[in-house]
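Asker: Below: one structure in structure tokens.
The values are calculated or read from the model by the stated rules, or taken from the named source; none is laboratory data. Here the structure is a predicted model, which means the values were calculated and not measured. In this analysis, Cβ positions are derived from the backbone assuming ideal geometry, glycine residues included, and neighbour counts consider all displayed protein chains. Heads up: the accessible areas ignore ligands, DNA and RNA and are worked out on the full protein's heavy atoms, side chains in. Shrake-Rupley method; radii C 1.70, N 1.55, O 1.52, S 1.80 Å.
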Amino acid sequence: MDWYTLTNDEIETKLKTDVNNGLQDQTAKKRLQKVGPNELQQEEKVSAIIVFLSQFKDFMVLVLLIATLISGLLGEYMDAIAIMLIVFVNGVLGYVQERKAEKSLQALKRLSTPKIHVLRDGKWVTIPSREVVPGDIVQFSSGDRIGADIRLFKANSLSVEESALTGESLPSEKSERPISGMDLAPGDQENMCFMGTLVTQGKGMGIVVATGMDTEMGKIAHLLKSEEGMQTPLQKRLEQLGKVLILVALILTALVVAAGVLQGHDLYTMFLAGVSLAVAAIPEGLPAIVTIALALGVQKMIRRKAIVRKLPSVETLGCATVICSDKTGTLTQNKMTVTDLWSSGKSWNVSGTGFELSGSFFSNGNPAELKTNPSLRQLLTFGVLCNNASIQLQNKKGKREIHFNGDPTEVALLIAGHKGGLIKESLFNEYQVEEEFPFDSARKMMSVVVKDTQNNRYIITKGAPDVVLSNCQSILWDERHARLEARQKDEVLRAVTRMGTEALRSIAVAYRPLRREEQISTVLDAETNLTFIGLQGMIDPPRPEAAQAITDCHQAGIKTIMITGDHIVTARAIAQRLQMIPSDGKVMEGNTLAKLSIQELEDVVDETYVFARVSPEHKLKIVKALQNRGHVVAMTGDGVNDAPAIKAANIGIAMGKSGTDVAREASSLVLSDDNFATIRAAIEEGRNIYENIRKFIRYLLASNVGEILVMLFAMLLSLPLPLVPIQILWVNLVTDGLPAMALGVDSAEDNVMKRPPRLSTEGVFSRGLGWKIISRGFLIGIVTLAAFAMVYFEDTDNLVKAQTVAFATLVLAQLIHVFDCRSERSVFHRNPFGNVYLILAVLSSIALLAVVIYYPPLQPIFHTTALTMREWMLILGFSALPTFALAGSQLFGKSRTKKASFIN
């Protein structure tokens, strides 16, 4: 339907909606059931059966299955069935892990889907865009992504970038007027906004006319390229490493088979043992386990209010050396309260804290009345009129509830007016807003054209004091108009500075009477030749947890930089309260920053802790300068103009509450609570996720090294096979699965935020990890072989007992070693009961080991026999050696070093 040709009344009638109250919630739910969710069709997912079968496509698993089939045909039925069952159980575990990772990533995707503001039952609410239905009344502003096809009925300086639909990169100006003509292309429909397009300027309201596949974007959905799964740099490195390790494992396995055959072992037996060893030892599941660890870690981050949009950022978080944070709402509470007023050369204080609607005005400690202070009344009145926020009072079950909608700065101005009896709804009975010029970060101002009941018209402007003042020609002084002279300018600036030293943010209000026939068509026409009315100073208290979070980051080697549009004095005062700026730390203003080249900024950026009066465009320069100095930069932002800096930063962080869709789409991390402490928590989790990945790399590879070496050394020493194929596979099943997964959810070490940031170029095996893998793997192999040899040479006729001892020693050595993997230092540095999941995993593995050793029906299948207490003491002693011998030698070495340094 050509919606652009219809009037608002015609559209309301066709869609059975009401522009003043919106749809009823029940009506919207029924429509959602009828038309379906507001989503484009996704590619068909791979079926569960295909995912399950893919667990068996690995070449070595296929070889093992073929060899097992041959074994069955040769009469070894029990062995064949048992091996196939183990392979099947391994496949089930792999399937569960893969589906869990997939579901976690889908949950992340759902969390990052855009929201939309709709009018339901007469109230503005925010809902996921997938729940929007035709007939919904919606509103949007600069930075929002349009979530459906919308016919406009209100447009204020509205421009929309439609390149996703039309290919045209320049924004299109929009209006609410009906258009005549048929079959116009989307780019020519000025009163329509389409799904997937982006609001670059202004704001608008409209009626949803199409959703999902019925939208213009839905019609071309088949042409849209779906986003491919993203791998982190670590995943890519491990994938490459995995190929190398597979080759090494195959070579060593071939050596084992060759040595066994040369020592007189049966070729078929050695072939089956070799294939089983290769299946167990090849870490083909390493990249998958990394994905699961990332997904599990990301779930923990979500619980701590940090939503990851791009997985590589998790890895990068541990490398962050600088956090560039917005002040308002991130370091502060974003609960603005007007406490100081200045107008006509006089000052007033306002009582009441937070969002309390009651309060009084005082001058020099004495109560002040608005009727005897006309300039004060005008300052408050115009602060309420030039304002898009609202206060809604509702009675629920006999209790009055207050809801605030809009920017916190504007809410503070409304509350200040409310305290003086100047309520927005009442003022709108006296004044009508004819035109609005929305705030933008370049102008640092917002203006409206209003008309009163006597048809008098005014321009009202509010914004940054220095900017508003520069557009003024006159001032209210001693309750009358006066020419703005240098003396009055200095007085205004002194008032701004005084408020700034008290950590108050100041907003200036000015106005200009208009001639009745005077038309205002541009911002330049509006914001000139103004009369300065006064200042409203508001406090935005620092978040209580911010100071500690900044201290924690400092201890972790991370510098925090505050970026704000506030006055330099206010910015410094807040930074000092947060203890984020040292005594010799520098504060730089935006006008100074604008004059510096990136190279010049590099020379001073390391000593600068606060950037004040900064516009979003300056953020990109700050990011580039820091990166050129070798820093890994995290940058926060919430507006359209913040997007380039967020995208350029190593870790772009958007605000979940106050942020625009554009900022969120450019980011790699979203703070659902807009809190700086959440950044600190995200960095801690990011570091811990990386450390947990290192833990199970260390555990898996050391275990695999041990498994290969025990077989290789036995063949080289002309010993019988210490492990039979089914035992090798069982070791792989009970030790590689659950314990490795449990390491993926291990809690952080107590010093994780006391270490310096990890170098971004750091290799997987850095910080001694390679040595730990080889040394522990070597010792696991040696003690397993030693236990086997000791029991075997006691009774060479009882090979099964010796193999059972080797089997138990290998399993327990790995299960004890898993606790050593929890710490970068040694097993003695962490509480062994600190990870409940790991305890349960180890106990489960021990129980599974005991079952195959002591349950008579399984003994012939697994080639095991019951063991005596003496043999278990032997097994425990040998199993503990790789972990405790090396840990003890480390502690002894460190104590000797300390003792030597004390003596010296």
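Asker: Using alpha carbon centroids, what distance separates the stretch 812-842 and the stretch 703-779, in Å?
Answerer: 13
Asker: Treating only the Cα positions of the stretch 757-803 as identical point scatterers, give the base-10 log of I(q)/I(0) from the Debye formula at each q in 0.33 Å⁻¹.
Answerer: So the normalised log intensities are -1.06.
Asker: Let me ask something else. Taking amide H positions as placed 1.01 Å from N in the peptide plane, with prolines and chain starts having none, which residues 5 or more places from THR339, or on another chain, fall under 5 Å of its amide H?
Answerer: Amide H neighbours of THR339: GLY537, MET538, ILE539.
Asker: Okay, next question. Run the quick spin-label model on THR166 and ARG99: label points 7 Å from Cα toward the beta carbon, then report their separation in nm to one decimal.
Answerer: Result for the modelled spin labels: 4.7 nm.
Asker: Would you list, by chain and number, the aspartates and glutamates whose Cα falls below 14 Å from the Cα of LYS305, excluding same-chain residues fewer than 8 positions away?
Answerer: Cross-link targets: ASP673, ASP674, GLU684, GLU685.
Asker: In square angstrom, what is the accessible area per residue of the stretch 711-756 with a 1.4 angstrom probe?
Answerer: 29
Asker: What pairs from LYS595/LYS621; LYS559/LYS619; LYS243/LYS300 go past 20 Å between their alpha carbons?
Answerer: Beyond 20 Å: LYS243/LYS300.
Asker: Here's a follow-up. Ignoring any ligand, DNA or RNA, what whole percent of the accessible area of the stretch 404-528 comes from carbon and sulfur when the probe is 1.4 angstrom?
Answerer: Carbon-and-sulfur percentage of accessible area, whole number: 47.
Asker: Continuing with the same structure: Within the stretch 797-891, what whole-number % of the accessible surface is contributed by carbon and sulfur, with the 1.4 Å probe and all protein chains included in the calculation?
Answerer: Carbon-and-sulfur percentage of accessible area, whole number: 74.
Asker: Right, next: How large is the accessible surface of LYS624 in square angstrom, using a 1.4 angstrom probe and rounding to the nearest 10?
Answerer: About 80 Å², ignoring ligands and nucleic acids.
Asker: Taking all protein chains together and a probe of 1.4 Å, list MET741, MET711 from the most accessible to the least accessible.
Answerer: Putting MET741, MET711 in descending order of accessible area: MET741, MET711.
Asker: Semi-axes of the equivalent ellipsoid of the chain: what are they in whole Å, largest first, if each equals the square root of 5 times a C-alpha gyration tensor eigenvalue?
Answerer: Details: eigenvalues 900, 225, 93 Å².
Calculated on Cα positions only, the semi-axes equal 67, 34, 22 Å.
Asker: Would the stretch 132-192 count as rounded, prolate or oblate if I go by the C-alpha gyration tensor, calling it rounded below 1.5 in a/c and otherwise prolate when a/b exceeds b/c, oblate otherwise?
Answerer: Rounded.
Asker: Which ³J(HN,Hα) values in Hz, rounded to whole numbers, follow from the phi angles of the stretch 509-522 under the Karplus curve 6.51 cos²θ - 1.76 cosθ + 1.60, where θ = phi - 60° and Gly and Pro get x?
Answerer: Taking θ as phi minus 60°, the curve returns 10, 9, 8, 8, x, 10, 5, 4, 8, 6, 9, 10, 10, 10 Hz for the stretch 509-522.
Asker: Something else about it: Could you rank HIS618, HIS829 by how accessible they are, 1.4 Å probe, largest area first?
Answerer: Result, largest first: HIS829, HIS618.
Asker: From largest accessible area down, sort LYS595, LYS754; use a 1.4 Å probe on the protein chains.
Answerer: Working: LYS595 170, LYS754 130 Å².
The ranking, largest first, comes out as LYS595, LYS754.
Asker: Quick one: 3J(HN,Hα) in Hz for the stretch 624-641, Karplus 6.51/-1.76/1.60 with θ = phi - 60°, rounded, Gly and Pro as x.
Answerer: Whole-Hz 3J(HN,Hα) from phi for the stretch 624-641: 4, 4, 5, 5, 5, 8, x, 7, 9, 10, 9, 10, 9, x, 9, x, 4, 6.
Asker: Output needed for the stretch 334-438: three equivalent-ellipsoid semi-axes, defined as square roots of 5 times the C-alpha gyration tensor eigenvalues, in descending order, whole Å.
Answerer: Working: eigenvalues 101, 66, 33 Å².
Working from the Cα gyration tensor, I get semi-axes of 22, 18, 13 Å.
Asker: How much of the DSSP beta bridge set in the chain is antiparallel, as a percent to the nearest 5? Intermediate values should be presented prior to the final figure.
Answerer: Details: 87 of 113 bridges.
Among the beta bridges of the chain, antiparallel pairing accounts for roughly 75 percent.
Asker: Using the basic label-point model (7 angstrom from Cα toward the beta carbon), what is the ARG483 to GLN394 distance in nanometres?
Answerer: It works out to 5.5 nm between the two label points.
Asker: Sticking with this one: Measuring with a 1.4 Å probe in the full set of protein chains, what accessible area per residue, in whole Å², belongs to the stretch 603-646?
Answerer: Ligands and nucleic acids excluded, the result is 32 Å² per residue.
Asker: Here is a further query. Set the bar at 31 Å for Cα to Cα. Now go through LYS327/LYS399; LYS327/LYS419; LYS203/LYS346; LYS123/LYS346 and name every pair that lies beyond it.
Answerer: Numbers: LYS327/LYS399 35 Å; LYS327/LYS419 27 Å; LYS203/LYS346 36 Å; LYS123/LYS346 40 Å.
Distance filter (> 31 Å) returns LYS327/LYS399; LYS203/LYS346; LYS123/LYS346.
Asker: To make sure I understand the rule: partners must be aspartates and glutamates, Cα under 16 Å from the Cα of LYS647, and not fewer than 8 residues away in the same chain. Which ones qualify?
Answerer: Those aspartates and glutamates meeting the cut-off are ASP326, GLU617, ASP638, ASP661, GLU665.
Asker: Just from the alpha-carbon atoms, what are the Rg and Dmax of the stretch 746-892 in angstroms?
Answerer: Cα-based Rg and Dmax for the stretch 746-892 come out at 17.9, 58 Å.
Asker: OK, next. Please list, in chain and number order, the residues 5+ apart from ILE561 or on another chain whose amide H is under 5 Å from its amide H, with Hs placed from the backbone.
Answerer: ILE323, CYS324, SER325
Asker: Tabulate in residue order the Karplus-calculated ³J(HN,Hα) for the stretch 660-668, using 6.51 cos²θ - 1.76 cosθ + 1.60 with θ = phi - 60°, rounded to whole Hz; enter x for Gly and Pro.
Answerer: With coefficients 6.51, -1.76 and 1.60, one gets 7, 4, 4, 4, 5, 5, 7, 8, 10 Hz.
Asker: If packing is taken as the average count of other Cβ atoms within 10 Å, what order do 190-197, 445-452 fall into, highest mean first?
Answerer: Top to bottom by mean Cβ count within 10 Å: 190-197, 445-452.
Asker: Expressed as a whole percentage, what fraction of the accessible surface of the stretch 557-661 belongs to carbon and sulfur atoms when a 1.4 Å probe is rolled over the protein heavy atoms?
Answerer: The value for the stretch 557-661 is 45 percent carbon and sulfur by accessible area.
Asker: Using protein chains only and a probe of 1.4 angstrom, how many square angstrom of HIS481 are accessible, to the nearest 10?
Answerer: For HIS481, solvent-accessible area is about 100 Å².
Asker: Here's another thing I want to ask about it. With every protein chain in place, what's the accessible area of VAL640 (1.4 Å probe, Å², nearest 10)?
Answerer: Looks like 40 Å² after rounding.
Asker: Let me ask something else about it. Loop only per DSSP, at most 10 neighbouring Cβ atoms within 10 Å: give me the GluC sites (Glu not before Pro) in the stretch 485-529, ordered by residue number. Don't jump to the answer; show the numbers that get you there.
Answerer: Working: sites: GLU485, GLU491, GLU502, GLU517, GLU518, GLU527; in loops: GLU485, GLU502, GLU517, GLU518, GLU527.
Answer by residue number: GLU517.
Asker: If you don't mind, there's one more thing I want to ask. So who's got an amide H within less than 5 Å of the one on ASP566, skipping anything under 5 residues away but keeping other chains? H placed 1.01 Å off N, in plane.
Answerer: Correct list: ARG613, VAL614.
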